[in-house]
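Everything below concerns the one structure shown next.
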Amino acid sequence: MPWIARQVRELLAQRGHAWLLKGPSGLGQYELALALASAWLCENPTSQGSCGVCSSCHAIAVHTHADLAVLMPETVMIALGWPLSEKAQDEIDKKTRKPSKEIRVDAMRDAVEFSQRTDARGRGKVVLVFPAERMNTITANALLKTLEEPPGLVRFVLATEASHMLLPTIRSRCLAHTMKWPEAHESMDWLAGQGVPADAAQNLLRSAGGRPADVLSLSASGLSSDWWAHLPQAMRQGDARHLADVSPAQAIDALQKLCHDLVLRHSGAAPRFFENSQLPASHASLSALTEWFKRLTQSARTAEHPFNAGLMLEALTADAHQTLMSKG
Ligand SMILES: [Zn+2]
């Protein structure tokens, strides 16, 4: 990710022991946070970042560095391939509970204890928190204490997609860095390197609002660019089969983007997520679209645990159809 490499250089040139990386999802917050942590812990770092070959870099690559504490919700740890604590793994294996979507108090306690220990490799320690907005008030306050009085050489990098949800006291303890957007050709090159074909990448990049890391998760979840291109017409026709292979949460996200673009078209602006030619003919009024968007936002609250996913997708399709066919 060349745009991440640029930001690593920029951040390393400044003195900061606690960074808050903020900006919308999909710009590589996690990658930047990890690159920064790697550079801090590397045995032969340069102004460009970590060397990538020393034993510290290797330990980070295999996700077992004694001086790096990674604080994430368990669902994110699992998705990114970080090991859980023995206790947490055991509870999940025995199905005592499900992987947590929040950063757990237990994990925070471990991290506080970690920051009080002596470092194992002599280059200090790093606590990486991602996504930082998934801390509740208790965990955030525990982190705050450590941020205020860091015992010894501990550096922090917090990455967030919703910095407004963080405690103001946490924000004020960190140096803020706003994530930079990649150039279009950089995104395309990077996606090509990740095995996304160029024509699909172009379309998906649009559907992801220009955020390359989001494209990768879209394409990993099986959403094709064809699927995206035909979504608006399918919704105008009330064809619920088009949503058969996606989760309610994905469907709502896609419909909100469609609604967003229709609102833009209303005001004579260019659409952001779809091509103009992909948008359906519709006479829906601005207020009808606004109301639709509100209903989608409401549905999003129950989308993670829908009573019945199939019924929910049908209801979403019917609502989209009625809104698109409504007149003035
Ligand atoms: Zn290294």
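Each row is one residue, and each column tells you yes or no for (1) under 23 Å from the mean Cα position of the chain (by Cα); (2) buried (at least 16 other Cβ atoms within 10 Å of the Cβ); (3) on the phi > 0 side of the Ramachandran plot.
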residue	(1), (2), (3)
ALA201	yes, yes, no
PRO212	yes, yes, no
HIS230	no, no, no
ALA251	yes, yes, no
ALA281	no, no, no
THR297	yes, no, no
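Go over the candidates GLN256, GLN250, GLN322 one by one and state the one that is modelled with pLDDT of 90 or more and either closer than 18 Å to TRP227 by Cα or basic (Lys, Arg) (or both). Let's see the steps before the verdict.
On the way: GLN250 fails: modelled with pLDDT of 90 or more; GLN322 fails: either closer than 18 Å to TRP227 by Cα or basic (Lys, Arg) (or both).
Only one candidate passes the filter, namely GLN256.
What number goes with the only condition from (1) within 23 Å of THR297 (Cβ to Cβ); (2) assigned to a helix (DSSP H, G or I) that PRO280 does not pass?
(2)
Take the stretch 147-189 and flag every residue that is of a type in the set (Val, Ile, Thr) and either in a helix (DSSP H, G or I) or farther than 17 Å from PRO24 by Cα (or both).
First, pick out the residues of the stretch 147-189 that are of a type in the set (Val, Ile, Thr): 154, 157, 160, 169-170, 178.
Within the stretch 147-189, VAL154, THR169, ILE170 meet the criteria.
Output the residues belonging to the stretch 1-53 that are touching a residue at least 60 places away in the same chain (Cβ under 8 Å), assigned to a loop (DSSP other than H, G, I, E, B) and more than 18 Å from GLY122 (Cα to Cα).
Selection gives MET1, GLN14, GLY16, GLY23, PRO24, SER25, GLY26, LEU27, GLY28.
Taking only pairs six or more apart or across chains, which ones have beta-carbon atoms under 7 Å, a first residue in the stretch 305-326 that is under 15 Å from ILE252 (Cβ atoms), and a second residue that is assigned to a helix (DSSP H, G or I) and of a type in the set (S, T, N, Q)?
Between residues of the stretch 305-326 that are under 15 Å from ILE252 (Cβ atoms) and residues that are assigned to a helix (DSSP H, G or I) and of a type in the set (S, T, N, Q), the close pairs are LEU316/SER299.
With the structure loaded, tell me whether TRP40 is buried (at least 20 other Cβ atoms within 10 Å of the Cβ), within 16 Å of the ligand (Cβ to nearest atom) and aromatic (Phe, Trp, Tyr) or whether it fails that test. Step through it out loud before you land on a result.
Details: buried (at least 20 other Cβ atoms within 10 Å of the Cβ): yes; within 16 Å of the ligand (Cβ to nearest atom): yes; aromatic (Phe, Trp, Tyr): yes.
Here the answer is yes, as TRP40 does meet what is asked.
Across the stretch 266-279, what is the number of residues that are touching a residue at least 40 places away in the same chain (Cβ under 8 Å) and either under 24 Å from the mean Cα position of the chain (by Cα) or surrounded by fewer than 18 Cβ atoms within 10 Å (Cβ to Cβ) (or both)?
Start the filter on the stretch 266-279 by keeping residues that are touching a residue at least 40 places away in the same chain (Cβ under 8 Å), which leaves 272-275, 278-279.
From what's left, either under 24 Å from the mean Cα position of the chain (by Cα) or surrounded by fewer than 18 Cβ atoms within 10 Å (Cβ to Cβ) (or both): 272-275.
Matching residues across the stretch 266-279 total 4.
All but one of (1) over 30 Å from HIS305 (Cβ atoms); (2) exposed (fewer than 15 other Cβ atoms within 10 Å of the Cβ) hold for SER224; which doesn't?
Result: SER224 passes all but (1).
With respect to VAL105, is the statement that it is closer than 18 Å to VAL127 by Cα, surrounded by fewer than 21 Cβ atoms within 10 Å (Cβ to Cβ), within 23 Å of the chain's Cα centre (by Cα) and within 14 Å of the ligand (Cβ to nearest atom) true? Even if it seems obvious, please write down each step before you answer.
Details: closer than 18 Å to VAL127 by Cα: yes; surrounded by fewer than 21 Cβ atoms within 10 Å (Cβ to Cβ): yes; within 23 Å of the chain's Cα centre (by Cα): yes; within 14 Å of the ligand (Cβ to nearest atom): no.
It is false that VAL105 is closer than 18 Å to VAL127 by Cα, surrounded by fewer than 21 Cβ atoms within 10 Å (Cβ to Cβ), within 23 Å of the chain's Cα centre (by Cα) and within 14 Å of the ligand (Cβ to nearest atom).
When you scan the stretch 132-149, do you find a residue that is buried (at least 21 other Cβ atoms within 10 Å of the Cβ), within 16 Å of the ligand (Cβ to nearest atom), in contact (Cβ under 8 Å) with a residue 40 or more places away in the chain and under 25 Å from the mean Cα position of the chain (by Cα), even just one?
Within the stretch 132-149, none of the residues are buried (at least 21 other Cβ atoms within 10 Å of the Cβ), within 16 Å of the ligand (Cβ to nearest atom), in contact (Cβ under 8 Å) with a residue 40 or more places away in the chain and under 25 Å from the mean Cα position of the chain (by Cα).
For LEU231, work out the one condition from (1) touching a Lys or Arg at 6+ places or on another chain (Cβ under 8 Å); (2) over 17 Å from MET1 (Cβ atoms); (3) of a type in the set (A, V, I, L, M, F, W, C) it doesn't fulfil.
(1)
Considering each of ILE60, ILE78 in turn, give the residue that is crowded, with 19+ Cβ neighbours inside 10 Å, among the β-branched types (Val, Ile, Thr) and under 23 Å from the mean Cα position of the chain (by Cα).
Values: ILE78 fails: crowded, with 19+ Cβ neighbours inside 10 Å.
It is ILE60.
Return the total of residues in the stretch 192-208 being over 19 Å from ARG272 (Cα atoms) and in a loop (DSSP other than H, G, I, E, B).
4
Can you pull out the helices (runs of 4 or more DSSP H) entirely within the stretch 61-128 that have at least 2 residues that are in contact (Cβ under 8 Å) with a residue 24 or more places away in the chain? Steps first, answer last, please.
Working: elements: 74-80, 86-93, 105-116.
In the stretch 61-128, 74-80, 105-116 are the helices (runs of 4 or more DSSP H) which contain 2 or more residues that are in contact (Cβ under 8 Å) with a residue 24 or more places away in the chain.
Restricting the search to the stretch 23-46, which residues are at pLDDT 95 or above and over 17 Å from ARG155 (Cα atoms)?
ASN44, THR46
Answer yes or no: is there a residue in the stretch 83-101 that is away from the ligand (no atom under 16 Å from the Cβ), of a type in the set (Val, Ile, Thr) and within 16 Å of ALA142 (Cα to Cα). Walk me through how you get there before you give the answer.
Pass one, the stretch 83-101, residues away from the ligand (no atom under 16 Å from the Cβ): 83-101.
With of a type in the set (Val, Ile, Thr) added as a condition, the list becomes 92, 96.
From what's left, within 16 Å of ALA142 (Cα to Cα): none.
Among the residues of the stretch 83-101, not one is away from the ligand (no atom under 16 Å from the Cβ), of a type in the set (Val, Ile, Thr) and within 16 Å of ALA142 (Cα to Cα), which makes the answer no.
The values are calculated or read from the model by the stated rules, or taken from the named source; none is laboratory data. These figures come from a predicted structure and were not determined experimentally. Note that we place each Cβ from the backbone using ideal geometry, even for glycine, and neighbour counts take in every protein chain shown.
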